[in-house]
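Everything on this sheet refers to the single structure shown next.
The values are calculated or read from the model by the stated rules, or taken from the named source; none is laboratory data. Only a predicted model underlies this, so the values are computations on that prediction, with no experimental measurement involved. Positions of Cβ are backbone-derived with ideal geometry, glycine not excepted, and every protein chain shown enters the neighbour counts. Surface accessibility is based on the protein's heavy atoms, side chains included, excluding ligands, DNA and RNA. Shrake-Rupley method; radii C 1.70, N 1.55, O 1.52, S 1.80 Å.
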Amino acid sequence: MRFWLRNEEMALEEMVQRLNAVSKHTDEIMHQDILPLCAADIQEQLKRRFAYLSGGRGQDGSPVITFPDYPAFSEIPDKEFQNVMTYLTSIPSLQDAGIGFILVIDRRQDKWTSVKASVLRIAASFPANLQLVLVLRPTGFFQRTLSDIAFKFNRDDFKMKVPVIMLSSVPELHGYIDKSQLTEDLGGTLDYCHSRWLCHRTAIEGFALMVKQTAQMLQAFGTELAETELPNDVQSTSSVLSTHTEKKHKAKDDLQLALKEGQRILESLREPLAESATHSVNQDQLDSQATVQRLLAQLDETEAAFDEFWAKHHQKLQQCLRLRHFEQGFREVKATLDAVSQKIATFTDVGNSLAHVEHLLRSLASFEEKSSVAVGRARALALEGQQLIENKHYAVDSIHPKCEELRHLCHQLATEVDRRRGLLSKSRELHSLLETSMRWCDEGIYLLASQPVDKCQSQDGAEAALQEIEKFLETGAENKIQELSDIYKEYETILNQDLLEHVQKVFQKQESMQEMFHRRQASLKKLAAKQTRPVQPVAPRPEALTKSPCPSPGSWRGSESPGSEGSALRRGPYRRAKSEMSENRQGRGSSTGDEEEGLAILRRHVMNELLDTERAYVEELLSVLEGYAAEMENPLMTHLISTGLHNKKDVLFGNMEEIYHFHNRIFLRELESCTDCPELVGRCFLERMEDFQIYEKYCQNKPRSESLWRQCSDCPFFQECQRKLDHKLSLDSYLLKPVQRITKYQLLLKEMLKYSRNCQGAEDLQEALSSILGILKAVNDSMHLIAITGYDGNLSDLGKLLMQGSFSVWTDHKKGHTKVKELARFKPMQRHLFLHEKAVLFCKKREENGEGYEKAPSYSYKQSLNMTAVGITENVKGDAKKFEIWYNAREEVYIIQAPTPEIKAAWVNEIRKVLTSQLQACREASQHRTLEQSHSLPLPAPSSTSPSRGSTRNVKKLEERKTDPLSLEGYVSSSLPKPPEKGKGWSKGSHSLEAPEDEGGWSSAEEPVNSSDAEEDGGVGPKELVPGKYTVVLDDEKRGPDTLAVRSGDVVEVVEEGAEGLWYVRDLTSNKEGWVPASSLSALLGKSSSAQCLSSSESSPGSAVLSNSSSCSEGCPAPFSDLQG
């Protein structure tokens, strides 16, 4: 910087010297250094032409000044006369003026007295050297005679330093001065025009002044430029450069104007010669041309001096601007690199599984790709700085350290990325080793579980099994962990506390598995030896499995296919073990220890699959949120996003982020805590059941999300994100993952429940399964519910949605006017029914055109029935799939035909529960009012009548099973009651099976003679036990040693009523006995064609008699609405 300032000062000083020289030379050219007098100053005096410089020369080159005849010569003021004389004598060159001037005084028309006065005045006032004075005396006879006499007698008065010659005529004058040097009025041929001469002199002197002022202006401008302080930012520097450049252009314009003016004057001086080649140019004209040329030369020198200075100054400003750009870029790049360095410092995780490490490596690669832009810019900036240094920039001392710092930061970042990649590669290698060991252990456990115990009792079978085990153990050299110390030493750099515990658990599992093999080998070796009696081989004891840890983070599957090859390989031996163990149990009575060991293995396998798929699921959600959702807010990706996607992230992804945080922070960790006790995993689901409600919100948004996806699926943004994530499937496949995941849980819980019958957590598993199925049903119901159109009220006011489905509906009106009866429909209408706690809605299903969710049906609202005025007839003669819903005491009757008897039974049970609950609420309210009237004391409010609630967990479980027909299929009792002892009779009094022959029904106004207390207390039991024969209406598979498998249509006889809605029955066809759900049975009521009916209308006291009378709901009929579509 100091070097540049020194050069700047030297350039300015040089320019100032050169421009000062121009000004000085201009003054010398115009002789203004001696007498600064210009023609413009005495222009009026010069116009009088009492004296002029014609340009003529004497024989020795003396300039000739002519004093023409001017009558008023004596009247010219001395000051004016002196100025004119001074100016005229300053025009010739110093060399010519040094010879002396020749004065020609023309007084031919004057008097002698005037001649004498003029000569004396001129001689006294002439400011320069005189060589000769020639006087043309008066031409008149008298004046000429007088002048001769007077001159002779007064010669002393004319004594001067130069001779004064009195001439009588012009020819005599020609003897002293050549005719070519005299003007025409003196008989000469010299071309002279006084006005033209005066114009040229004024122009030349004005041009000289312009040259001098231009030099002074450029000198001041150069000083201003040199003294300008350089700004410290890009914008100010650019402004200064622009301002100085603009001023420079203006100065150059002024310079060009001066040059043009000088060229014009020079052409004007040369014009006479250009018009006539014979025209003679006098010396004064030649001197004028030389003067202008010299001035033009000075102007060229001025321009050259300024251009040289401007070049240096402009270079200085451009270098300053480049420096400011470099400094600004350095600040930005350094801030970016610092942020990148802070980001890479957060990459401390080494992964908890192979899939996690792979994800971290992909994240690191993605981070490196994104940071490569900043690194590339830093390197380019360092190269730019190096070029500035090579171009001899004035701020080398400032640029060089910054370039070095940029190179250091880039190198440091690259080194840290390589170090992180090395650590993750080590972690991947270790996790691969651990997962290989775990797979080997799992395969070994499956091998032990799949060996048929009965075949091992023979010598050949034992030897074959022993060879199979030995062959498997030989594969351990390349699959198992050899020495822990070697692992600790080799992977010391990545072994944190969690990873260390994982290694120890895997090694402990490996040791436990090998111990199991050694025990099995010992048993088989004994069997392989010849024995005198058969020996029952012993399978690995449950204690070994209990001690053997289940892998904590297991092998995560790839984000592309949750059910990929690794899972298929594990399920292969798992299914073979399950089938062969089942065959073993059927072929022989295996020991309790063997069976428990096999079940423990299968439970662990299901738990491993649950954990593996859960981790893969969390990983997939994270990849979508980071790779797609977060990128929608990345400014670098904005140009790829179509306009239809702007501000639509919430629509496209729904509440996926909420789902991810729930699973990643809470649910996955709780599942991992159940690794050693898989049978207790049901508690995890039960404790988080409310959190699973978030899936309902996601599924409700799914139609909007899929519609948006179809509109924008070809957007380059999605393609770029998919490329960066290296996904083989597009985004829509991953948006479906939450829907797939919530349905996967019930399958895994069913599998876990199969192998946990007699375990501590079986009851929680059953309840968790029912709850998950309930959530699936609620999600499915909500998807249908949001498709209802045309309903004016608020659907939430109708209470909880209990059931929904499509039915065939007939209408029948047995009361009312004839016109109403004519509206009865004999052709069924297809209606979709929505059963709420407070009403049942009839809707018409309308299929929509489109794809995916857009093809989902919509439902046009047609009719609603208030449940307080509804009654049901459970069976309709001639069809086991029909039932009746009647309204206002059968004023309106709707015959409903379900697709299957099972669906009908489920709906009837659910409607019965609602009506029974309302009946109970009415009774409690009536009792409450009676007590208030009798005691006038406030009583507590009645309990909740919602059928979805219960006083105990068992009641809630049973209600959920009745609500969801799917739960009937998976019904398993955790602890069945013991069969009744022989000889013991009924625990409750017998009731007659007779029923009235007519089509009477139940209502809340009619106390049913066969209604149970359980129903009245809240609808827990399906119906009160009535001894006798029942028909099976729902299939029920055998679920345990004490259960009975029944099929729809079977006739059974009830033996005893058990707990939790189970009845002990005898199949009258096969004579087998066992427990079945009471909800699967329907009583045979003699020859009656109808069964029980319920209504929920409250009656007046004393009406608890079975009759054909209508309920009190007649008093408040609802308006009839046609159900036609």
**Study point:** Pairs with Cβ under 7 Å, 6+ apart, first in the range 467-492 and in contact (Cβ under 8 Å) with a residue 60 or more places away in the chain, second surrounded by 10 or more Cβ atoms within 10 Å (Cβ to Cβ)
**Key:** 491/426; 491/430
Revision key, fill the gap. Per the filter on the range 448-491, residues buried (at least 18 other Cβ atoms within 10 Å of the Cβ) and farther than 28 Å from residue 503 by Cα are 451, 453, 456, 461, 462, 465, 466
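Of these, 249, 244, which one is surrounded by fewer than 16 Cβ atoms within 10 Å (Cβ to Cβ), assigned to a helix (DSSP H, G or I) and not hydrophobic (A, V, I, L, M, F, W, C)?
Values: 244 fails: surrounded by fewer than 16 Cβ atoms within 10 Å (Cβ to Cβ).
Unique residue meeting the criteria: 249.
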Check your understanding: What is the residue count in the range 653-696 for residues that are under 18 Å from residue 605 (Cα atoms), open to solvent by 50 Å² or more (accessible area, probe 1.4 Å) and acidic (Asp, Glu)?
Key -> 2
Practice item. For the range 98-107, state whether one or more residues are open to solvent by 30 Å² or more (accessible area, probe 1.4 Å) and among the basic types (Lys, Arg). Key: no
Study note, to complete from the structure: Residue hits (the range 724-749; farther than 29 Å from residue 773 by Cα and either among the polar types (S, T, N, Q) or assigned to a helix (DSSP H, G or I) (or both)) are 724, 725, 730
Review point. Out of the range 713-723, which residues are in a helix (DSSP H, G or I) and surrounded by fewer than 17 Cβ atoms within 10 Å (Cβ to Cβ)?
Key: 716, 719, 720, 723
**Study point:** Odd one out for residue 172, checked against (1) at pLDDT 85 or above; (2) open to solvent by less than 10 Å² (accessible area, probe 1.4 Å); (3) farther than 30 Å from residue 288 by Cβ
**Key:** (2)
Practice item. Filter the range 387-409 down to residues that are without any contact (Cβ under 8 Å) to a residue 40 or more places away in the chain, part of a helix (DSSP H, G or I) and under 21 Å from residue 314 (Cα atoms), then give me how many there are. Key: 4
Exercise for review: Answer with yes or no whether residue 313 is open to solvent by less than 40 Å² (accessible area, probe 1.4 Å) and at pLDDT 80 or above.
Suggested key: yes
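Take the conditions of a type in the set (Lys, Arg), assigned to a helix (DSSP H, G or I) and touching a residue at least 12 places away in the same chain (Cβ under 8 Å) and apply them to residue 260. Does it pass? I'd like the intermediate steps shown before the answer.
Working: of a type in the set (Lys, Arg): yes; assigned to a helix (DSSP H, G or I): yes; touching a residue at least 12 places away in the same chain (Cβ under 8 Å): no.
For residue 260, the condition - of a type in the set (Lys, Arg), assigned to a helix (DSSP H, G or I) and touching a residue at least 12 places away in the same chain (Cβ under 8 Å) - is not met.
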Practice item. Taking the residues in the range 1033-1063 that are among the aliphatic types (A, V, I, L, M) and modelled with pLDDT under 80 as candidates, determine which candidate is least open to solvent (accessible area, probe 1.4 Å). Key: 1034
Point to revise | Qualifying helices (runs of 4 or more DSSP H) (wholly inside the range 452-521; at least 1 residues being over 29 Å from residue 422 (Cα atoms) and not aromatic (Phe, Trp, Tyr)) | key: 459-474
Exercise for review: Tell me, yes or no, whether the range 74-84 has at least one residue that is surrounded by 20 or more Cβ atoms within 10 Å (Cβ to Cβ) and among the aromatic types (Phe, Trp, Tyr).
Suggested key: no
Check your understanding: Taking the condition touching a helix residue (DSSP H, G or I) at 6+ places or on another chain (Cβ under 7 Å), open to solvent by less than 20 Å² (accessible area, probe 1.4 Å), part of a helix (DSSP H, G or I) and modelled with pLDDT under 85, does residue 445 pass?
Key -> yes
Study note, to complete from the structure: Reported set for the range 396-422 where residues are crowded, with 19+ Cβ neighbours inside 10 Å and farther than 19 Å from residue 334 by Cα is 420
Practice item. Give the number of residues within the range 697-729 that are more than 18 Å from the chain's Cα centre (by Cα) and of a type in the set (S, T, N, Q). Key: 4
Check your understanding: What's the number of the condition residue 323 fails, among (1) part of a helix (DSSP H, G or I); (2) modelled with pLDDT under 90; (3) open to solvent by 20 Å² or more (accessible area, probe 1.4 Å)?
Key -> (3)
Review point. Among (1) in contact with a strand residue (DSSP E or B) (Cβ under 7 Å, 6 or more places away or on another chain); (2) at pLDDT below 85, where does residue 831 come up short?
Key: (2)
Check your understanding: Going by the conditions given, is residue 964 under 23 Å from residue 803 (Cβ atoms), of a type in the set (Asp, Glu) and either modelled with pLDDT of 75 or more or more than 54 Å from the chain's Cα centre (by Cα) (or both)?
Key -> no
Check your understanding: Of all residues in the range 657-707, which are within 17 Å of residue 625 (Cβ to Cβ) and among the aliphatic types (A, V, I, L, M)?
Key -> 659, 666, 668, 694
